[in-house]
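Each reported figure results from applying straightforward, stated rules to the coordinates on display, with no laboratory input. Every value quoted in this text rests on a predicted model; they were computed, and no experiment measured them. Ideal geometry is used to build each Cβ from the backbone, glycine not excepted, and the neighbour counts take in all protein chains shown.
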Amino acid sequence: MSDSFIGATTSPTITILNPDHVLLSLLSCLELAADHPDRELDHETQADLLRLAYHLTQACFEKNAAETAALED
């Protein structure tokens, strides 16, 4: 990581080309953690992962809407 990131106040932005694949993988990981109590996630990690799942779901909706609109044109 370069020095320009030290003390940065904004989060880096990433682009996910297949949010539906990432969302399915994330949900599988959450399910696996729920099925194994010894792998329980702390509250903060759960909240972060659920926030990520929400944003991925929104990205899937946007991607699907764009693909549908392109087909209708």
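Here are some notes:
- Counting neighbouring beta carbons within 10 Å and listing from fewest to most, the residues Leu32, Leu24 come out as Leu32, Leu24.
- Cα gyration tensor category, rounded, prolate or oblate, for segment 17-72 with a/c compared to 1.5: prolate
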